[in-house]
Amino acid sequence: MPKTSSKKDKGSGKKDGDDKKNSGPPTAALFNKVKITPLGKKKDNKNHSSRFRVSQDRELQKLPLLKDAGSGVEREELFIQKLRQCCTIFDFAVDPLSDLKWKEIKRAALNELVDFVTHQRGVITEAIYPEAVHMFSRNLFRTLPPPTNPHGAEYDPEEDEPTLEAAWPHLQLVYEFFLRFLESPDFTPSTAKRSIDQQFVIQLLELFDSEDPRERDLLKTTLHRIYGKFLGLRAYIRKQINNIFFQVLYESERHNGIAELLEILGSIINGFALPLKEEHKQFLQRVLLPLHKVKSMSVYHPQLAYCVVQFLEKDSTLTEIVIKGLLKFWPKTHSPKEVMFLNELEEILDVIEPHEFRKIMRPLFQQLARCVSSPHFQVAERALYFWNNDYIMTLISDNADVILPIMFGALYKNSKSHWNKTIHGLIYNALKLFMEMNQRLFDECTVRYKDERQRERAKMKEREEAWAALEQAAIANAEKIKAQIPSANNQYTTAIDNEDLDGVNPEDLAETIKSLPEKGVTDDIEPVEAAVQRDLTRRKSFLPVDFETRKALIQHQQHKVDPST
């Protein structure tokens, strides 16, 4: 938020605090100072602009047009003057209507620079490089506003409104000028590398966390151009992108520019030379595959799947690593994410080699069987769509002796028990295809499945019978114990039950207690512990007598009779 507004808030807060100190109940004037947000209106606490260092001297003078300047030194000096003029930073957040005249002068100068670099040749001289990079840095490298989604909540492009940059009218033109500058035939990387260095790359990558999708799109193109022009910065750019991904995976779990960075990496992976370096394989295993576990994966999943498929097209031996990685991070309770995994899995199977398919078909189709059995109809439907893919059906047909026994149980069971009628039709289609592939194997699986069901039913029946027998034995045992325990077990305690203490003379009760045996039970009566061991049912009559408690109760009764004692 701007400094002026924060100062104002602090001042008003101090005044309210003084009013509270000096008076008891709040006055009407104090209530009038409190801003109340209506329930229907959402409080706008988004920062729609970054924190820019607004220039002190913002009064600009309109310079002559570049096309009217002479050639050579005069035109170069005018070009540099316009670049320096465009380094002036204006306020678009606190007071958007301020300095309109000078804002228009800067906008016109930027438009002229873009047009001039695009259509003219020989205009980028050695003196232009540091000035152009400085102008770009001065306008764009700034402190981004705090995220509106600090906890990395899932962003829905169709429903959620992005936070747009208030200074975009000038920022867009600065991006366009720098892109034309990089793409110009006059641009020489050997001269520009003095200004476009590693520090410049780090600051450029930090801007990818901007919430404005328009800025991230232009940043993506700019970084891609720099990656293509500066060979010495390529490894450094990849390393810094990896660091951003590691931060997302193990620290923040949020970043606004993951999709754009993955899109850049997709084109970079496409240009990798064969055989792949070990560095690139580690990037796949340690970065791309763990990115599947981030809860906001839906924002960047298409770009992530594209990068993974690019790796498999480069080196098919990585298929087993990728499939096992996907199965490792397979979602258990998030059905929309499970559908995304199935989409990616079909893209991988479209490019898989038959010999690599045989290595992973067992765990793969065990997971597909679980998906077919999912109560979420979209998951089951997406898994069954695999049977509409001709190449996947070819792979299944060649390995039907392994795949059909894995899938048959899930297909047969859900063909009758699934709640969705659409799933029934897709399952019947899959069963029909399996039947046409190998009728004999299909019949064997049917017989085997029915035998397994009969064994399960017999086992269930045995379990129910065992529980019923155990219940009958428990009832009979309880009756037997009840018959064996004589009523004499409680003959010593009947006179001293809690409910009878009020009607008994304390002196007689004391004599009764003294005449009781020390253990509280006679030798010819079965101990209570033995009876409890035989019958797990807890009964009141089996509880032992606590004589200390009885004596305390007697003393209490005596005290009530004779308070003087």
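The values are calculated or read from the model by the stated rules, or taken from the named source; none is laboratory data. This is a predicted model, so every value here is computed, not measured. In this analysis, Cβ positions are derived from the backbone assuming ideal geometry, glycine residues included, and neighbour counts consider all displayed protein chains. Each accessible area value is taken on the protein alone, full model and side chains, heavy atoms only, with ligands, DNA and RNA left out. Shrake-Rupley method; radii C 1.70, N 1.55, O 1.52, S 1.80 Å.
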**Study point:** Where a residue in region 250-262 is at negative phi and its partner, wherever it lies, is among the β-branched types (V, I, T) and open to solvent by 50 Å² or more (accessible area, probe 1.4 Å), with Cβ under 9 Å and at least six apart
**Key:** N256/V299; I258/V299; A259/V299
**Study point:** Test: residue in region 166-175 that is at pLDDT 90 or above, in contact with an Asp or Glu (Cβ under 7 Å, 6 or more places away or on another chain), open to solvent by 40 Å² or more (accessible area, probe 1.4 Å) and not aromatic (F, W, Y)
**Key:** no
Check your understanding: For region 111-121, does any single residue satisfy the condition of being among the aromatic types (F, W, Y), modelled with pLDDT of 85 or more and under 21 Å from W168 (Cβ atoms)?
Key -> no
Review point. Within the group L265, L171, L205, L231, which residue is farther than 27 Å from Q120 by Cβ and over 31 Å from the mean Cα position of the chain (by Cα)?
Key: L231
Point to revise | Which listed residue is under 27 Å from D315 (Cα atoms) and open to solvent by 40 Å² or more (accessible area, probe 1.4 Å), from L265, L231, L261 | key: L231
Review point. Does region 90-98 contain at least one residue that is open to solvent by 50 Å² or more (accessible area, probe 1.4 Å) and among the aromatic types (F, W, Y)?
Key: no
Review point. Of everything in region 289-314 that's open to solvent by 20 Å² or more (accessible area, probe 1.4 Å) and out of contact with any Lys or Arg (no Cβ under 8 Å at 6 or more places or on another chain), which residue is nearest to L368 (Cα to Cα)?
Key: K293
Study note, to complete from the structure: Picking from Q240, Q199, the residue that is open to solvent by 40 Å² or more (accessible area, probe 1.4 Å) and either hydrophobic (A, V, I, L, M, F, W, C) or out of contact with any Cys (no Cβ under 7 Å at 6 or more places or on another chain) (or both) would be Q199
